[in-house]
Amino acid sequence: MATGKVKWFNGEKGFGFIEQDGGGPDVFVHFSAISGSGYRNLEENQAVEFNVTQGPKGPQAEDVRGL
């Protein structure tokens, strides 16, 4: 699993980007990729771990979990 910090996340729109530890392109994250139930949100600068997949517009996060 990759690790990083949330660069920004818009809870109203349900998406944002994660800055990967060690560099590399920012990773798109959709609220549906956040592990858990109920209201799923991420906070700016929150440390997370995630899997990276190739989405239609670039790297995309899956199985996102806070650390």
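Residues in segment 48-65 that are small (Gly, Ala, Ser) and either out of contact with any strand residue (DSSP E or B) (no Cβ under 6 Å at 6 or more places or on another chain) or at pLDDT below 95 (or both): GLY55, GLY58. Kindly indicate whether any position in segment 1-13 is in contact (Cβ under 8 Å) with a residue 40 or more places away in the chain and surrounded by fewer than 12 Cβ atoms within 10 Å (Cβ to Cβ). Scanning segment 1-13 turns up at least one residue that is in contact (Cβ under 8 Å) with a residue 40 or more places away in the chain and surrounded by fewer than 12 Cβ atoms within 10 Å (Cβ to Cβ).
Applying the condition of being exposed (fewer than 13 other Cβ atoms within 10 Å of the Cβ) and not charged (D, E, K, R) to segment 36-46 and asking which residue is modelled with the highest pLDDT yields ASN45. The residue list ASP21, ASP26 contains one member that is in contact with an Asp or Glu (Cβ under 8 Å, 6 or more places away or on another chain), among the charged types (D, E, K, R) and free of Cβ contacts under 8 Å to residues at least 60 places away in the same chain, which is ASP26. If you go through segment 1-48 and keep only what is over 15 Å from PRO59 (Cβ atoms) and acidic (Asp, Glu), you end up with GLU12, GLU43, GLU44. Elements of the type strands (runs of 3 or more DSSP E) sitting completely within segment 1-64 and holding at least 3 residues that are among the aliphatic types (A, V, I, L, M): these cover 47-55.
The values are calculated or read from the model by the stated rules, or taken from the named source; none is laboratory data. For clarity, every value in this text was computed on a predicted model and none was experimentally measured. As a convention, Cβ positions derive from the backbone with ideal geometry for all residues, glycine included, and neighbour counts pool all protein chains shown.
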